[in-house]
Amino acid sequence: MADGSSETKSSNQMWGGRFASGPDAIMEEINASIGFDKKLYAQDIRGSIAHATMLAHQGIISAEDKDKIVHGLDTILSEIDSGAFEFSRRLEDIHMNIEARLAALIGPAAGRLHTARSRNDQVALDIRLWVKEELQKTEKALTGLIAAFLDRAEEHAETVMPGFTHLQTAQPVTFGHHCMAYVEMFGRDRARVRHAIEHMDESPIGAAALAGTGFPIDRHMTAKALGFREPTRNSIDTVSDRDFALEFLSIAAIAATHLSRLAEEIVIWSTPQFGFIRLSDAFSTGSSIMPQKKNPDAAELVRAKTGRVNGSLVALLTVMKGLPLAYSKDMQEDKEQVFDAAESLELAIAAMTGMIRDVTIRADRMKAAAGSGYSTATDLADWLVREAGLPFRDAHHVTGRVVALAEQKGCDLADLPLAELQAINSAITDKVYGVLTVEASVASRTSFGGTAPSEVRKQIAWWRARN
Ligand code: ARG
């Protein structure tokens, strides 16, 4: 029809140069996932071998065809490993690329592999296997980071630094205690990782397109062969579910948020104004114009990677939120988010582990800062409660007057003469000087989980037994 063809032609012109070859090219570009899902080739091949083996075991395909299929898949695995494999965008995704190559290698037997299977359960399997392996890697990486902190905490169980609230000097703490705060945080991340591995440890393969299959497959056999605890229990849910990817991304986002807070502290502590730490050359850079500078680039980039990871979580939640059951092509968009977040998190943990291992702690600077800002004022108030029997509210008031006096004289609490202290409250004796030092302050905080070196050492031992 003359009219119809001229309409097509004018539409094509409107789409412009990039898509000059017309709607086919646009469709191929939006539809194809091979550019990123080729990362799943090893999982895809492993899944296919388990599936083919099960099909033969159940008498659904012949042993001879199974052998050809397995041999062909092994060949493809080494072709991809060695870089010899040619991926084709025309073949859309990793599943069809491998299947087409299998047909070229072994002929018609290749067509039997897809019996009792769909790309829907196939992709659910591949990405689940990938995420599970990534979680296992994350668990190891977090264990390494925790170990680095435990070593630094042990070294600095007695090193005094200012503890902050609102980034204002609050009370003296030990640097070991501060390190152990991060051990708790990354320990929780690792517990979440372990829980997620357990949670997702079910095999999707055999759910087929969405309804299961009439072939007498054995899903327990494939589950076992692929290292899963058991098969999933609902075929519709199986091909619709990306919770495991969302869980991975949530865990990654929380861990990245912890890393970012640590990165922020590193940035602050390494400034000349704070001077609590000196970063190793390996994890900092110089300025091209200001020769005196040493910039905490690695820490800044760890802080920035958090934005990507959090973005991936929001992106996939948004992809999933409107999808009716079961599979929709939208779900193809899970992979780039998962891959990008995984890469960012791995790198961030590795960089942070290196920084913590290498950083020089400037204990003298920490101690000097710990004593400034009347950080032992609470110790004075506590002393008045304990030794002079004052109610805490009154002790707080008396201490406030002592701090005001020190401020007015421009000296530390410990430098105020006894007579002047006694003029504020007559119950004060010279024993009070024993609690005004930062060392005495931290040593006194022996409550469970407190900052006293003795308590910090107990917490280190508890974690060492679990790391
Ligand atoms: N490339 C697809 C994905 O990643 C594979 C599944 C395609 N299934 C389908 N029914 N078109 O989700």
## Note on the structure
Across 10 Å bins beginning at 0, the whole-percent shares of Cα-Cα pair distances in the stretch 329-401 come to 16, 19, 15, 15, 17, 13, 5, 0
### Message
Could you derive backbone 3J(HN,Hα) for the stretch 59-65 from the dihedral phi with the Karplus parameters 6.51, -1.76 and 1.60 (θ = phi - 60°), listing whole Hz in sequence and x where the residue is Gly or Pro?
### Response
x, 7, 10, 7, 4, 5, 5
### Query
Using modelled amide H (1.01 Å from N, peptide plane; none on Pro or chain starts), what sits under 5 Å from the amide H of ALA208, excluding residues fewer than 5 places away?
SER118, ASP121
### Task
Any of LYS66/LYS224; LYS137/LYS305; LYS137/LYS294 with alpha carbons more than 23 Å apart? Name them for me.
LYS137/LYS294
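Which value, to two decimals, describes the C-alpha radius of gyration of the stretch 335-461 once divided by 2.2 N^0.38 Å?
Numbers: Rg = 21.4 Å, N = 127, 2.2 N^0.38 = 13.9 Å.
Expressed relative to 2.2 N^0.38 Å, the Cα Rg reads 1.54.
Per DSSP H run of n ≥ 4, the term is -39500 (n - 2.57); total these for the chain, divide by its residue number, and report the mean residue ellipticity at 222 nm rounded to 500 deg cm²/dmol.
Working: 19 runs with 293 residues, N = 467.
After summing the helix terms and dividing by residue count, I get -20500 deg cm²/dmol.
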### Task
Scan around VAL160 for amide H atoms under 5 Å from its own, H built in the peptide plane at 1.01 Å from N, and keep only partners 5 or more places away or cross-chain.
PHE175
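Rounded to the nearest 5, what % of DSSP beta bridges with both residues in the chain are antiparallel?
Values: 8 of 10 bridges.
About 80 percent, rounded to the nearest 5.
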### Query
What is the spin-label model distance, in nm, from VAL314 to ALA170 if the labels are put 7 Å beyond Cα along the C-beta direction?
2.8 nm
### Task
Output ³J(HN,Hα) for the stretch 92-105: one whole-Hz value per residue in order, computed from phi by the Karplus curve 6.51 cos²θ - 1.76 cosθ + 1.60 with θ = phi - 60°, and x for Gly and Pro.
6, 9, 5, 5, 6, 4, 5, 5, 5, 5, 4, 4, 5, 7
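Give me the Kirkwood hydrodynamic radius of the stretch 91-179, using the inverse of the mean 1/r over all pairs of distinct Cα atoms, in Å to one decimal. Present the calculation step by step, with values, prior to reporting the outcome.
Working: mean 1/r = 0.0552 Å⁻¹.
Kirkwood radius, the stretch 91-179: 18.1 Å.
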### Query
Tally Lys and Arg at +1 and Asp and Glu at -1 over the other residues with C-beta under 11 Å from the C-beta of ALA443: what net charge comes out?
-3
### Message
Eigenvalues of the Cα gyration tensor times 5, then square-rooted: what semi-axes does that give for the stretch 145-237, in whole angstrom, largest first?
### Response
51, 14, 6
### Query
If the chain between VAL385 and ASP358 were fully stretched, how many nm would it gain, using 0.36 nm times the residue separation less the Cα-Cα distance?
5.4 nm
#### Entry: Scattering profile of the stretch 262-381 at q = 0.12, 0.15, 0.21 Å⁻¹ [log10 I(q)/I(0), Debye over alpha-carbon scatterers]
-0.64, -0.80, -1.11
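Quick one: putting +1 on the C-beta of Lys and Arg, -1 on the C-beta of Asp and Glu, what dipole do you get for the chain around its Cα centre, in Debye to the nearest 20?
Working: 51 positive and 62 negative charges, 117 e Å.
Using only the charged Cβ atoms, the result is roughly 560 debye.
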### Total formal charge among the other residues, if their Cβ is under 12 angstrom from that of ALA225, Lys/Arg +1 and Asp/Glu -1
+2
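How many times 2.2 N^0.38 Å is the alpha carbon radius of gyration of the chain?
Details: Rg = 31.4 Å, N = 467, 2.2 N^0.38 = 22.7 Å.
This ratio for the chain stands at 1.38.
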### Query
Each label point is 7 Å from the Cα along the Cα-to-Cβ direction; what then is the distance between the points at ASP24 and ALA427, in nm?
9.3 nm
### Query
In whole Hz, what ³J(HN,Hα) sequence does the stretch 25-30 give by Karplus (6.51, -1.76, 1.60; θ = phi - 60°), x for Gly and Pro?
5, 5, 4, 4, 5, 7
### Query
Can you list the aspartates and glutamates whose alpha carbon sits under 12 Å from that of LYS367, skipping same-chain ones fewer than 8 residues off?
GLU158, GLU439
### Query
Can you list the residues, at least 5 places off or on another chain, whose amide H is less than 5 Å from the amide H of SER203, using H built in the peptide plane?
GLU230, THR232
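Laboratory data are not the source of any read-out in this text; all were calculated from the coordinates shown. Note that the structure is a prediction, hence the values are computed from the model and not measured. Please note: Cβ atoms are built from the backbone with ideal geometry, for glycine as well, and neighbour counts cover all protein chains shown.
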